[in-house]
């Protein structure tokens, strides 16, 4: 697999290149700023881009904007965005444009090389990977604003989180040490409880879950207050 | 505070009484003159009484001007003109005692018009050229009639002065006075043209017709000899009198309506000083009214700074010499306390300005001390804002350095530990130790992450206020409604210090509500209205919070209030018991 790296810190750029080469990927180019990275992508057409969010010149969100541009211009190139800090807004933005083939991870995840490389493979294959931290944040927020999640068991919420991270049923089963069949059962219960449209497509499944989790607090509260009324009819 | 109407002051009452008496006196003299003229055989009464009527118009115009503009001398000058008309009118009386001096003074009314033109608008002759031209015009006027009457046949009312009938000498002297009159009128025209050139456009629009009309009226008197064959003497005379009688009306109209501000007595300033309250915002206004210059400005001397400041404490420089504006210094007990900056084209004599300044020296000294205080206050405010900005810059710098330095190092260290753990040559114990090391580094990285976030949140650096506050609301454990619709998009970022202050206000407000309010729901609203950033953090909790409460939350808010005030903003806390708490902040954020 051919990869372009965008990272302005030279040490990390080298470290990342080393890790990826060692794991059998081909790093075709690495760039220290977003414009250079986009140029490399235009020339080399890699399978995957791994980029930092903050890049020169302004060191704000150039990397993220370049990632969105790359997904728009070259749909064949998947993108994994790395950051020192994750927030819901960036996940929503990355998934709203063309959500297949995108990943959003904490930089610290690089250190778990095996998981990191597996995530890259999944994204390059058109999958979606979200950092557990940002999923946890979204789940907590959704649970706070609506009561549908309260109706799930702990185990079902755990499955929901893994679905949101972009895992397949097989991967969820492995992670939770349960059978594939048990996962399917949990998933269908979750779909019922949240009122999501059923889908066998892993990618669509991620989107539906994330869309549910990203509803604004206002939507969630009108739904929950309606639910409240249903519970206590006058 | 404005200057009270002039009528309220004793000094003006006595002036008004005198003016009424003067008016009565002129009216009585005019009446007596008409009685004398009625007996005159030299022409019909309406023709002979024309100078008396002109005198009446001069007197009325002069008295109005004098009444309305006590410190302006135009009124007095016009009244003097009225007297000159009454004297000139005596030419046609039958008594030589009256008609002889009248013959000598018969052209003086025209000279008065030149005097008026040169003395407008203050009534004072300020340049040497104007003074010389005025003296010359009176001399020419006095000499104008005299030789012709001396060297003439002793006939008619003018005949009383005839010494010898010498037409040749009469013609010679007539030529001489004509030449002198032409020279004086030319000089006057040059002086007036110079004034027009220096005046601004608005003033020129008023002065040009006034000067033109005055000069035309005088010129027609000078050209009497050429006009007689055209019009006939009685008509020529009537036209001249009518034109000259219109002059005072024109002057008074321009003086009162033409943008020449009212000028008051300097004594009125003293009255204002004694009656007005201790705090007088109207010092400059009072001076402006007294001196008749609406653009007048009072500035104050700060010895420590060796410079002038205005009433708000902002530094100002005095106008350079030769500019349209000039400055008169004010001293109190020998020390410089301030200066009056005025329009030099409007007031070309510094003496009354300086006199007015001295009357107000003590008030100026008091305002100077206020201005000094304000200047210090402004400096303090700027320095507080600089401290906030500096601390903000440092926070950003620390956050960036940690982000680019230590956080990267921890990723690389964790990577090394991981490689050590996966090393095929490593023993199981070593691998487990390396794995534990990596977990420890990851935990340290997570701790560092939240520390960096507390110093300066990533959202604020990367996307600005709305994104950072959204992330904050996302992480609240209870429902938090966010309204940032009134905030512009990411393309219009606010000043850095404003953004981070607003963010910390929201963060502190939400943290306090969580800790103390026992609320079910929190609200955050951010909006930009007219150069102000409006921040509202509210909850539906128990209320009863207070800015200066001894609780830890209160002290955090106190610090934020300082920060907000340092940036020129306001922080208020509305927290009635049982009605929830709303924290409201307004921060100036540029337009």
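The values are calculated or read from the model by the stated rules, or taken from the named source; none is laboratory data. Here the structure is a predicted model, which means the values were calculated and not measured. As a convention, Cβ positions derive from the backbone with ideal geometry for all residues, glycine included, and neighbour counts pool all protein chains shown.
Side notes on the structure shown:
- Checked against (1) modelled with pLDDT under 80; (2) in a helix (DSSP H, G or I); (3) more than 14 Å from chain B (Cβ to nearest Cβ), residue A:190 passes all but a single condition, namely (1).
- Pairs where the first residue, in the range B:474-488, is more than 10 Å from chain A (Cβ to nearest Cβ) and the second is in a loop (DSSP other than H, G, I, E, B) and surrounded by 16 or more Cβ atoms within 10 Å (Cβ to Cβ), C-beta under 9 Å, 6+ apart: B:487/B:464; B:487/B:494; B:488/B:494
Okay, residues lined up against (1) out of contact with any helix residue (DSSP H, G or I) (no Cβ under 8 Å at 6 or more places or on another chain); (2) part of a helix (DSSP H, G or I); (3) closer than 30 Å to residue B:462 by Cβ; (4) touching a residue at least 12 places away in the same chain (Cβ under 8 Å):
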| site | (1), (2), (3), (4) |
| --- | --- |
| B:326 | no, no, no, yes |
| B:329 | no, no, no, yes |
| B:352 | no, yes, no, yes |
| B:370 | yes, yes, no, yes |
| B:376 | yes, yes, no, yes |
| B:383 | yes, yes, no, no |
| B:398 | no, yes, yes, yes |
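- Residues within the range A:89-119 that are under 11 Å from the mean Cα position of the chain (by Cα), more than 10 Å from chain B (Cβ to nearest Cβ), under 23 Å from residue B:440 (Cα atoms) and surrounded by fewer than 24 Cβ atoms within 10 Å (Cβ to Cβ), tallied: 1
- Count of the range B:450-465 residues, restricted to those that are more than 9 Å from every other protein chain (Cβ to nearest Cβ) and in contact with a strand residue (DSSP E or B) (Cβ under 9 Å, 6 or more places away or on another chain), is 1.
- Scanning the range B:91-112 for residues being assigned to a helix (DSSP H, G or I) and more than 27 Å from residue B:291 (Cβ to Cβ) gives a total of 15.
- Condition check for residue B:434: under 30 Å from residue A:144 (Cα atoms) and part of a helix (DSSP H, G or I): no
- Residue within the range A:140-163 that is in contact (Cβ under 8 Å) with a residue 60 or more places away in the chain, closer than 25 Å to residue A:81 by Cβ, within 14 Å of chain B (Cβ to nearest Cβ) and in a helix (DSSP H, G or I) present: yes
- Some residue of the range B:494-517 being touching a strand residue (DSSP E or B) at 6+ places or on another chain (Cβ under 7 Å), modelled with pLDDT of 90 or more and within 11 Å of chain A (Cβ to nearest Cβ): no
- If you go through the range A:55-69 and keep only what is assigned to a helix (DSSP H, G or I) and within 14 Å of chain B (Cβ to nearest Cβ), you end up with A:62, A:63, A:64, A:65, A:66, A:67, A:68.
- Residue ID - modelled with the lowest pLDDT, chosen from residues in the range B:424-438 that are more than 8 Å from chain A (Cβ to nearest Cβ) and surrounded by 14 or more Cβ atoms within 10 Å (Cβ to Cβ): B:426
- Restricting the range B:527-549 to residues that are surrounded by 22 or more Cβ atoms within 10 Å (Cβ to Cβ) and at pLDDT 90 or above, the residue that is farthest from residue B:473 (Cα to Cα): B:533
- Taken as a whole, the condition of being more than 14 Å from every other protein chain (Cβ to nearest Cβ), free of Cβ contacts under 8 Å to residues at least 60 places away in the same chain, in contact with a helix residue (DSSP H, G or I) (Cβ under 6 Å, 6 or more places away or on another chain) and assigned to a helix (DSSP H, G or I) does not apply to residue A:129.
- Scan of the range B:220-269 for residues that are surrounded by 15 or more Cβ atoms within 10 Å (Cβ to Cβ) and either at pLDDT below 70 or in contact with a strand residue (DSSP E or B) (Cβ under 8 Å, 6 or more places away or on another chain) (or both), ordered by number: B:258, B:260, B:261, B:262, B:263, B:264, B:265, B:266, B:267, B:268, B:269
- Test: residue B:198 is modelled with pLDDT under 80, more than 28 Å from residue B:43 (Cα to Cα), surrounded by fewer than 18 Cβ atoms within 10 Å (Cβ to Cβ) and under 36 Å from the mean Cα position of the chain (by Cα): yes
- Of all the listed residues (B:470, B:447), the sole one being at the interface with another protein chain (Cβ under 8 Å from one of its Cβ atoms), under 20 Å from residue A:83 (Cβ atoms), part of a helix (DSSP H, G or I) and without any contact (Cβ under 8 Å) to a residue 60 or more places away in the chain is B:470.
- Within the range A:70-88, residues that are more than 9 Å from chain B (Cβ to nearest Cβ) have Cβ atoms under 6 Å from residues that are modelled with pLDDT under 90 and assigned to a strand (DSSP E or B) in no pair, counting only partners at least 6 apart in sequence or on another chain.
- If you check B:371, B:454, B:445 for being within 60 Å of the chain's Cα centre (by Cα) and surrounded by 15 or more Cβ atoms within 10 Å (Cβ to Cβ), only one passes: B:371.
- Of the set (1) touching a strand residue (DSSP E or B) at 6+ places or on another chain (Cβ under 9 Å); (2) within 12 Å of chain A (Cβ to nearest Cβ), all apply to residue B:404 but (1).
- Of all residues in the range A:6-47 being in contact with a helix residue (DSSP H, G or I) (Cβ under 6 Å, 6 or more places away or on another chain), outside any helix (DSSP H, G or I) and within 14 Å of chain B (Cβ to nearest Cβ), the one that is nearest to residue A:67 (Cα to Cα): A:7
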